[in-house]
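Accompanying notes for the structure given below.
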Amino acid sequence: MRATNGAARHRMIVRMKKRAKGFFSGRRKMYRVVCEAVRRAEAMAFSGRKLKKRQFRSLWIKRVGIASRECGLPYSRLIAGLQKADIRLDRKQLSELAIHQPAAFAEVVGKAKAALA
């Protein structure tokens, strides 16, 4: 008797097509095209997750830079002052402070200025 692995192969195809759910036209229906589309989508998703981190850090730096200039200290000097004052706040925390608690952010900037002087 000749074994063709029919059931196993069918399950593999179904699993692959399930991952292509929501794709357009042949990218959802034709197995060979589905494989290509899913492989590419997963590669883009991986790089997208890395890009997301990069873009958020950039956004936080911009927010902190704007808020620190309003307090009379440029971003680069603020970061140098925070290091000298041994204040360990990351860019995300500084950004949140700048948006939601401007008074607390101004206090942090004041401490950074004092450490620089």
| task | For a label point 7 Å from the Cα of residue 16 along Cα→C-beta, name the residues of the range 40-55 whose backbone N is under 13 Å from it. | result | 40
| said: Quick check on the range 6-116: what does the Kirkwood estimate of hydrodynamic radius come out to from the alpha carbon pairs, in Å? | reply: 17.4 Å
| Sites matching chymotrypsin sites (Phe, Trp or Tyr not before Pro) across the range 1-68 that sit in DSSP coil, with at most 13 neighbouring C-beta atoms within 10 Å | 24
| query | What is the extension gain from residue 99 to residue 45, computed as 0.36 nm multiplied by their sequence separation minus the C-alpha to C-alpha distance, in nm to one decimal? | reply | 16.4 nm
| task | Excluding residues on the same chain fewer than 8 positions from residue 92, give the aspartates and glutamates whose Cα lies under 20 Å from its Cα. | result | 70, 107
| task | Please go through the range 9-114 and write out the trypsin sites (Lys or Arg not before Pro) that DSSP classes as loop and that have at most 14 other C-beta atoms within 10 Å. | result | 21, 88
| remark: Computed ³J(HN,Hα) along the range 52-69: with the Karplus parameters 6.51/-1.76/1.60, θ = phi - 60°, integer Hz and x for glycine or proline, the list is 4, 4, 4, 5, 5, 4, 4, 4, 4, 5, 4, 4, 5, x, 5, 5, 6, 5
| Cα axis of helix 102-116 to longest principal axis of the chain: angle in degrees, 0 to 90, nearest 10? | 70 degrees
| query | To the nearest 10 degrees, how steep is helix 91-100 against the longest Cα principal axis of the chain, on a 0 to 90 scale? | reply | 70 degrees
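Laboratory data are not the source of any read-out in this text; all were calculated from the coordinates shown. In this text, all values refer to a predicted model and were calculated from it rather than measured experimentally. Quick reminder, even Gly has a Cβ in these numbers, built from the backbone with ideal geometry, and neighbours come from all protein chains shown.
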